[in-house]
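Structure record follows, encoded as structure tokens.
The values are calculated or read from the model by the stated rules, or taken from the named source; none is laboratory data. No experiment lies behind these values; they were computed from the predicted model shown. Heads up, the Cβs are rebuilt from the backbone with ideal geometry, glycines too, and the neighbour counts pull from every protein chain shown. With ligands, DNA and RNA removed, areas are computed over all heavy atoms of the protein, side chains included. Shrake-Rupley method; radii C 1.70, N 1.55, O 1.52, S 1.80 Å.
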Amino acid sequence: APCGPGAAGDFIALRQRIQKYADAAPAFEAHARRREAMAIAAEADGSNITARENYFIAAVHWGGAQWPIDENNDKNKFYNQRKRECYGKYARLADHRVEEAWIPLPDGKRLPAWLHLPPNYSGGRIPAVVSVPGMDSFKEMGVAMYGDRFLARGIAVLAIDGPGQY
């Protein structure tokens, strides 16, 4: 749902391709690579709306590739890096302000987050919600690409991953 109707075909194909647990990461990776390549080509052509949509969808697919991996191994780190890079490129082209954020923890570590400000935000205090995904989700899915229910109401969203998530 956060990706919008333009990604419906991707998810139909993923459901058909994933027959067992071991199929999930490679299937999502293939779709992520395809969407990322589409985003790069669109951006090179100056088609920034198409680019941002494909970067967003690619980030969600890279996150989907992480889902079946239970350890912080090289593959998981690679998928996470691709997810963050694609989402950062989406953020640069988004129709609202999106900022990378890091929440400090007492042990010196930090939680990654994305701060979304409503369209037409011009400064000052506004209400905000914190989006905390469950164990099978991640912060890049916390705000819909278009028509987000909070942003549309002038509410900022801080989307975070909890400790040990993704």
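Of the solvent-accessible surface of segment 1-77, computed with a 1.4 Å probe over protein heavy atoms with every protein chain present, carbon and sulfur atoms account for 56 percent.
One entry in [x] 1, 8, 15, 17, 17, 15, 12, 7, 4, 2, 1, 0, 0; [y] 1, 9, 17, 21, 21, 15, 10, 4, 1, 0; [z] 1, 7, 14, 15, 12, 12, 13, 12, 8, 5, 2, 0 is P(r) over Cα pairs in 5 Å bins from 0, in percent calculated from the shown coordinates; its label is [y].
Along the axis of the charge dipole computed for segment 1-102 (Cβ charges of +1 for Lys and Arg, -1 for Asp and Glu, origin at the Cα centre), the listed residues 57, 88, 68 are led at the positive end by 68.
Roughly how many Å² is the accessible area per residue of segment 88-166, as a whole number, for a 1.4 Å probe? List each step's numbers first, then the result.
Numbers: 4540 Å² over 79 residues.
With all protein chains present, segment 88-166 gives 57 Å² per residue.
Among 139, 77, 109, the largest mean-square fluctuation in a Gaussian network model of the chain, built with springs joining Cα atoms closer than 10 Å, belongs to 109.
Taking the chain as a Gaussian network of alpha-carbon nodes connected by springs under 10 Å, the highest mean-square fluctuation of the residues 92, 125, 17 belongs to 125. If only the Cβ of Lys and Arg carry +1 and only the Cβ of Asp and Glu carry -1, the dipole of segment 3-55 around its Cα centre is close to 240 debye.
Rounded to the nearest 20, the Cβ-based charge dipole of the chain about its Cα centre (Lys and Arg +1, Asp and Glu -1) stands at 140 debye. Considering only 111, 151, 93, give the residue with the highest GNM mean-square fluctuation for the chain, with springs between Cα atoms whenever their separation is below 10 Å. Result for the chain, Cα springs under 10 Å: 111 fluctuates most. Antiparallel DSSP bridges in the chain: what percent, to the nearest 5? Looking only at bridges with both residues in the chain, the antiparallel portion is about 75 percent. When you restrict to C-alpha pairs under 8 Å that are six or more residues apart and normalise by the size of the chain, the relative contact order lands at 21 percent.
Over segment 111-166, with every protein chain in place, what whole percent of the accessible area is carbon and sulfur at 1.4 Å, could you tell me? Before the final figure, lay out each step's value.
On the way: 1680 of 2920 Å².
That share works out to 57 percent.
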